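Derivation of every value follows stated rules applied to the coordinates shown; laboratory data play no part. This is a predicted model, so every value here is computed, not measured. FYI the Cβ positions are ideal-geometry reconstructions off the backbone, even for glycines, and counts take in every protein chain you see.
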Amino acid sequence: MKKILLSLLVLAAAAPTASAQFEIGLKVSPSITSLRAESPADRAFASDGSKASFGGGLVVDYFFGENYAFGTGLLLTGKGGTVSYRDGGILPQPTATIKQKISMQYLEVPLTVKLFTNEVATDTRLYFQVGGSLNVPIGTRINDSKFYVDPATLKETKASAHTTFYDADALVGLGAEHQLGQSTKVFAGLSYHRGLFNIDSYFNDDRGFKDVIIKNSSFNLDLGIKF
């Protein structure tokens, strides 16, 4: 059994080498992003609006078969949205509803598998994409400012201190790719990115709120060209 498994591993490693092919290109991705927020009922954290964002960057497809590719790259993406929650105001008073518009920029490395159909029209194939991405924040704003004054404590903090230094997405997408020339292709598709980690590092840590969870979500229009 061990010899059989070893033989299969050798064949699996050798097959991609023979047919492997890199395709490199550029992509732009306008998107609608939002934040999924939840907490115990006393704080009533909730999503309270989405925002338009924009991203783009380098894409790389590594084909290990005629219809199968590993998709990765390096992208700059915008994320965020508006959340609301219950909190005290500046003066002693009944609990008020506070809103925060949180905007973030991430460096994103996709780690996906792309499955291509045979041609559905002349020089045109459909593709399906599934996997995830690793994301590192490089900028954060709250209410369009790099600093935030909490209305309940009057303490000023950096907006970047409100979010964690990492995130990751689950990703699914579909689209179409069209061959323009010998090595030039254009593509268009839709993708959904669902944040996997709680990105809050302020309410739980600095304010002492319990079990506050804030996660990213986005719907992207993916437009690009490969060379």
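Just flag the trypsin sites (Lys or Arg not before Pro) in segment 113-150 sitting in loop per DSSP whose Cβ has no more than 16 other Cβ atoms within 10 Å. Each step should come with its number before you reach the end.
Working: sites: K114, R125, R141, K146; in loops: K146.
Of the trypsin sites (Lys or Arg not before Pro), the ones in loops of segment 113-150 whose Cβ has at most 16 other Cβ atoms within 10 Å are K146.
Once the other residues with Cβ under 13 Å from the Cβ of R125 are scored (Lys, Arg +1; Asp, Glu -1), what is the net sum? Don't jump to the answer; show the numbers that get you there.
Values: positive: K114, K185, K226; negative: E23, D61, E66, E119, D123, E177.
So the environment of R125 carries a net charge of -3.
Would you give the gap between the C-alpha center of segment 189-211 and the C-alpha center of segment 58-81, rounded to a whole Å?
When both Cα centres are located, 24 Å separates them.
Go ahead and run the numbers for FRET between D205 and L107, Cβ-Cβ distance against an R0 of 22 Å, rounding to 0.05.
On the way: r = 24 Å, r/R0 = 1.08.
My answer for the efficiency is 0.40.
Quote the FRET efficiency, to the nearest 0.05, computed for T95 versus F219 with a Förster distance R0 of 41 Å and r equal to the Cβ-Cβ distance. It would help to have the intermediate numbers written out before the result.
Values: r = 33 Å, r/R0 = 0.81.
E between T95 and F219, to the nearest 0.05, is 0.80.
Taking only Cα atoms, what is the 0 to 90° angle, nearest 10, from helix 2-19's long axis to the longest principal axis of the chain?
Approximately 90 degrees, to the nearest ten.
Cα-based Rg of the chain per 2.2 N^0.38 Å, rounded to two decimals? Write down the numbers at each step before the final one.
Working: Rg = 21.9 Å, N = 227, 2.2 N^0.38 = 17.3 Å.
Dividing the Cα Rg of the chain by 2.2 N^0.38 Å gives 1.27.
Among the GluC sites (Glu not before Pro) within segment 88-159, which fall in a DSSP loop and have no more than 15 other Cβ atoms within 10 Å of their own Cβ?
Passing both the DSSP loop test and the Cβ count: E119.
Compute the label zone of A152 within segment 184-207: residues whose backbone N is under 17 Å from the point 7 Å along Cα-to-Cβ.
It comes to 200-207, nothing else.
Over segment 20-226, what is the mean sequence separation of C-alpha contacts under 8 Å (at least six apart), divided by residue count, expressed as relative contact order in percent? The partial results should precede the final answer.
Details: 590 pairs, mean separation 45.2, N = 207.
Computed over segment 20-226, the figure is 22 percent.
Extending each Cα 7 Å along its Cβ direction at F128 and A41, get the distance between those two points in nm, one decimal.
4.2 nm
Please give the residues of segment 186-217, grouped as numeric ranges, whose backbone N is less than 20 Å from a label point set 7 Å along the Cα-to-Cβ vector of R86.
Residues 203-205, 207-214 fall inside that zone.
So what's the net charge close to G71: Lys and Arg +1, Asp and Glu -1, counting the other residues with Cβ under 12 Å from its Cβ?
On the way: positive: K27, K114, K226; negative: E23, D61, E177, D222.
Net local charge, G71 excluded: -1.
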